[in-house]
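Q: Handing you a structure now.
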Amino acid sequence: MSLSVTKIKALFGLKLRLIISNMSLMTAPIMAILYVVFMKSIMQSKAPSHVALISLLLGMGLCFNIVMGGIMMTSYPLAEEKEHHTLRVLMTSSITGPEFFIGSLLPPLAIMTVTNLILVPLSGASWSQIHLGNFLLITIITSLTSLVLGYIIGLIANSQTQAGVYSIPMMLILSLIPNFEQFNTTLKTISSYLYTSTINHYITASYATNGFSWTLQLGWLVITCGIFFYAYRRHGLDND
């Protein structure tokens, strides 16, 4: 199936404007930035070390942005369009399903990537330690995983309310458990299977001599993409 770059670009521009103008969808990136700025101002003199402070601030900021932003920016708009049957208008036009998903996925990915880059200097991290190439690769992979998870929820849900019910527990599990794993061995065990735990592990590894494994991240991305294709074939874009 051939893809039209012109249609994808037009949909990209439309979706980007809609997301930026929707404060509900912009909550996650704004919250991530405010969290890092606020917590840095009150914890800078109390942190046990500079590295520990960076790991906490950058790890939590990235989790807010990647998990909440990724899931909300794809699940809520898709569920809303299904609820109001605006997808039927698109599907009766010449826009195909793959063009719709690509054009809808790129705007939130761009917003999340820019926010992730902003969080690095705000947290006090050094680019020489973080390594820009690895940082972009790992955050883009985790962002894509969250975006695909949001698409799965949007395909299953029939309304924004239902999408919220499905999204909130998943967002809490994926964002909070990796940041509290050091306080409980059970949480640490659960966290070891979550793709979001790799964010904190990467930051820690950047300031230590140990390496970093990409296996968990890539595994999550492959599995979520497989579930997405199954859900898309089963439910379609409009299951009414």
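Q: Of L174, L119, which residue is open to solvent by less than 10 Å² (accessible area, probe 1.4 Å), among the aliphatic types (A, V, I, L, M) and touching a Gly at 6+ places or on another chain (Cβ under 7 Å)?
A: L119
Q: Separate question: Could you please find all residues in the range 178-204 being among the hydrophobic types (A, V, I, L, M, F, W, C), open to solvent by less than 80 Å² (accessible area, probe 1.4 Å), under 18 Å from L58 (Cα atoms) and at pLDDT below 85?
A: I199, I203, listed by residue number.
Q: So A32 ticks every box in (1) small (G, A, S); (2) surrounded by fewer than 12 Cβ atoms within 10 Å (Cβ to Cβ); (3) touching a residue at least 12 places away in the same chain (Cβ under 8 Å) but one. Which box is left unticked?
A: Every listed condition holds for A32 apart from (2).
Q: Take the conditions in contact with a Ser or Thr (Cβ under 8 Å, 6 or more places away or on another chain) and closer than 30 Å to S55 by Cβ and apply them to L147. Does it pass?
A: yes
Q: Select, from A110, A163, A125, the only residue that is in contact (Cβ under 8 Å) with a residue 24 or more places away in the chain and either open to solvent by less than 10 Å² (accessible area, probe 1.4 Å) or among the β-branched types (V, I, T) (or both).
A: A163
Q: Can you tell which of I54, I30 is at pLDDT below 85 and farther than 28 Å from A231 by Cβ?
A: Answer to the selection: I54.
Q: Look through the range 1-29, keep the residues that are over 20 Å from the mean Cα position of the chain (by Cα), touching a residue at least 40 places away in the same chain (Cβ under 8 Å) and open to solvent by 90 Å² or more (accessible area, probe 1.4 Å), and return whichever of them is farthest from G61 (Cα to Cα).
A: Among residues in the range 1-29 that are over 20 Å from the mean Cα position of the chain (by Cα), touching a residue at least 40 places away in the same chain (Cβ under 8 Å) and open to solvent by 90 Å² or more (accessible area, probe 1.4 Å), the one farthest from G61 (Cα to Cα) is M1.
Q: Continuing with this model, one more query. State whether one or more residues within the range 130-150 are touching a residue at least 24 places away in the same chain (Cβ under 8 Å) and more than 19 Å from the chain's Cα centre (by Cα).
A: Checking the range 130-150: at least one residue is touching a residue at least 24 places away in the same chain (Cβ under 8 Å) and more than 19 Å from the chain's Cα centre (by Cα).
Q: G133: surrounded by 15 or more Cβ atoms within 10 Å (Cβ to Cβ) and at pLDDT below 90, yes or no?
A: No, not satisfied.
Q: Among the candidates I102, I140, I66, which residue alone is farther than 26 Å from K40 by Cα, among the β-branched types (V, I, T) and either touching a Gly at 6+ places or on another chain (Cβ under 6 Å) or in a helix (DSSP H, G or I) (or both)?
A: None of the others qualify; the one that does is I102.
Q: What pairs come up if the first residue lies in the range 62-81 and is without any contact (Cβ under 8 Å) to a residue 60 or more places away in the chain, the second is assigned to a helix (DSSP H, G or I) and among the polar types (S, T, N, Q), and their beta carbons are under 9 Å apart, counting only those six or more places apart or on different chains?
A: Pairs found: N65/T115; N65/N116; N65/T139; N65/S143.
The values are calculated or read from the model by the stated rules, or taken from the named source; none is laboratory data. Keep in mind it's a predicted model, so treat the numbers as computed, not measured. Neighbour counts are summed over all protein chains in view; Cβ atoms, including those assigned to glycine, are modelled from backbone coordinates with ideal geometry. These area figures cover heavy atoms from the full protein model, side chains too; ligands, DNA and RNA do not enter into them. Shrake-Rupley method; radii C 1.70, N 1.55, O 1.52, S 1.80 Å.
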